[in-house]
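Have a look at the structure below before the remarks.
The values are calculated or read from the model by the stated rules, or taken from the named source; none is laboratory data. Bear in mind the structure is a predicted one, so any value in this text is a computation, not a measurement. With ideal geometry, Cβ positions are generated from the backbone for all residues, glycine too; neighbour counts draw on all protein chains shown.
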Amino acid sequence: MLSVSRTSTLLLTPLSTTLNKNFTSRLASPVFRLAGLLTLFLGWLLLSDVVGRQTIPGPIATWEFIVREFERGAMQRHLAATFNRVVIAFLISMGLGIVVGALMGIYRRIDELLEAWVVAMLNIPRLVLFVAAYLILGLNDRAAILALIISVLPTVIVQVREGTRAVDNKLVEMAVAYRRSRLAIWRRVVLPQLMPYIIGTARTTLALAWKMVILAELMGRTSGVGYQISFYYQMFNMPGILAYGLVMMVILAIIDIVIMGGLQRWAFRWRRPAARLA
């Protein structure tokens, strides 16, 4: 009887300890995130006081400017223009990049044929792309979106190509041995192994596209967040620059955490949750 009691105690103690650690970890996670946001806010206030509110406006002045821009409809209009360019370039880049990257990872001859193109697109300065596109196609959205696609496409191709090369061929051979169809092999064997690379490069590509579109709008468009930042720069209006930059940061963070994070959780729903380290 004594041995049974001791065994039960030994079994229950690790379980209770694990539950307490999991509860503490879940409780501490939002606290630390909130603390990080608070330190960012306090750092902004401190920098504004040290440098001067005329040079770097504080959060209240920036927020008031954002409200005024929304009230007159300028913020929504320019955000919509930027968002439209980013979405078009992102979807085209991801679609082409996944197809081309997978083909390069599977077929060596295609990889050899397109390798020079990928290397050239990776190393060409982004500024040159936008200047050349505007000179050839004119100051329009087609030129901006084309240059944006060329800027982010090689990143997608390289990541998907490396992910395709990392696919476990033994699993593919096993599926072939069990006479699974080609479509089933791609859906059940290849695609789940590629998803970490696809989701990871999608988040990177989206963030890069948001940054590069600002350059495109600053150089040759009359709408968008980049154009507004350029306009307020010429007017020496620091609240305007901070307002549009801050709104862009918040929107990008929401898209990355909510949409891309939700897509990642859905794509990896078949995985077992990894045990957290103490």
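If you go through the stretch 174-185, how many residues are assigned to a helix (DSSP H, G or I) and surrounded by 16 or more Cβ atoms within 10 Å (Cβ to Cβ)?
Residues meeting the conditions: 2.
For the stretch 117-153, give me the residue count where each residue is without any contact (Cβ under 8 Å) to a residue 40 or more places away in the chain and not aromatic (Phe, Trp, Tyr).
Result for the stretch 117-153: 19.
If only one of Leu194, Leu206, Leu246 is modelled with pLDDT under 85, surrounded by 15 or more Cβ atoms within 10 Å (Cβ to Cβ) and either in contact with a Ser or Thr (Cβ under 7 Å, 6 or more places away or on another chain) or closer than 20 Å to Pro154 by Cα (or both), which one is it?
Matching residue, one of Leu194, Leu206, Leu246: Leu194.
State whether the residues of the stretch 59-70 include one that is within 26 Å of Tyr232 (Cα to Cα), in contact with a helix residue (DSSP H, G or I) (Cβ under 8 Å, 6 or more places away or on another chain), among the hydroxyl-bearing types (Ser, Thr, Tyr) and assigned to a helix (DSSP H, G or I).
Yes.
If we keep just the residues of the stretch 135-159 that are assigned to a helix (DSSP H, G or I), more than 18 Å from the chain's Cα centre (by Cα) and among the small types (Gly, Ala, Ser), which is nearest to Leu208 (Cα to Cα)?
Only one residue fits best here, namely Ala147.
Is it the case, given these coordinates, that Glu162 is under 30 Å from Gly52 (Cα atoms), in a helix (DSSP H, G or I) and of a type in the set (D, E, K, R)?
When the stated conditions are applied, Glu162 does not pass them.
What are the residues in the stretch 181-236 that are in contact (Cβ under 8 Å) with a residue 12 or more places away in the chain and of a type in the set (Phe, Trp, Tyr), if any?
Hits for the stretch 181-236 are Tyr197, Trp210, Tyr227, Tyr232.
All but one of (1) farther than 25 Å from Gln159 by Cβ; (2) at pLDDT below 85 hold for Arg188, so report the exception by its number.
Result: Arg188 passes all but (1).
Six or more apart or on different chains, Cβ atoms under 9 Å: show the pairs whose first residue is in the stretch 250-268 and free of Cβ contacts under 8 Å to residues at least 40 places away in the same chain and surrounded by 12 or more Cβ atoms within 10 Å (Cβ to Cβ) and whose second is of a type in the set (Lys, Arg) and part of a helix (DSSP H, G or I).
Qualifying pairs under 9 Å: Gly261/Arg203.
Can you give me the number of residues within the stretch 213-232 that are closer than 19 Å to Val131 by Cβ and among the aromatic types (Phe, Trp, Tyr)?
1
Assigned to a helix (DSSP H, G or I), touching a Leu at 6+ places or on another chain (Cβ under 6 Å) and crowded, with 20+ Cβ neighbours inside 10 Å - does that describe any residue in the stretch 72-80?
For the stretch 72-80, residues assigned to a helix (DSSP H, G or I), touching a Leu at 6+ places or on another chain (Cβ under 6 Å) and crowded, with 20+ Cβ neighbours inside 10 Å: absent.
Is at least one residue of the stretch 67-78 over 29 Å from Tyr197 (Cα atoms), touching a residue at least 12 places away in the same chain (Cβ under 8 Å) and among the β-branched types (Val, Ile, Thr)?
No, the conditions are met nowhere in the stretch 67-78.
Those residues that are among the basic types (Lys, Arg) and either under 16 Å from Gly163 (Cα atoms) or surrounded by fewer than 19 Cβ atoms within 10 Å (Cβ to Cβ) (or both), I need them from the stretch 81-127; list them, please.
Scanning the stretch 81-127 gives Arg108, Arg109, Arg126.
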